[in-house]
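Here you go, one structure.
Read-outs: derived from the displayed coordinates by stated rules, not from any lab. Bear in mind the structure is a predicted one, so any value in this text is a computation, not a measurement.
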């Protein structure tokens, strides 16, 4: 679901404009469990003014949250699962106005550490692993074609959680901090290298030899050709 389609009145009705982070965190005990992340990196705040006027900073952070939501929605359009999320401004322990992301907590295993049972069918995992990599390839191919900034840190397995359903596993991107990079030859080479590494790590999860990740490798090859043209 997109941010616009979720009823977050339980959040917004109970928060003043500059809600303290601990107050954001306590909401998870009354609703679906949520993780509260502070988006305070230099990359995120580079365009935020140092104005002493808190209202100006607040409005700019609200706009940054809106832009972040658009980038996450672009990922979802390419088949990447993202938990329900909501951007909210608040104050940190030092009284500074910051941007926070409240993200639904997904129950499962970190994909970097996950190993599916050898006793279950490998087909669902083969499908979901390939869906992840090919969806990322489609996303990056589109962003490079349109010459639009793309999310730069979502090609690591530790950024994802996989649910434990043996018949219908799903993979979710859990890091909703939006770090962008403009298309370039260097960025493209790094992407194809990281995607290849991701695919190889997933291939190693299977106990029997086989070309389980062939769709992913073909998608990576296609991406490499498209972005180097």
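If you find the alpha carbon centre of the stretch 147-194 and of the stretch 63-133, how far apart are they in angstrom?
The two parts, judged by their Cα centres, are 10 Å apart.
Further, regarding this structure: Just need the relative contact order of the stretch 80-229 here, percent rounded to a whole number, with Cα pairs under 8 Å and 6+ apart.
After rounding, I find 28 percent.
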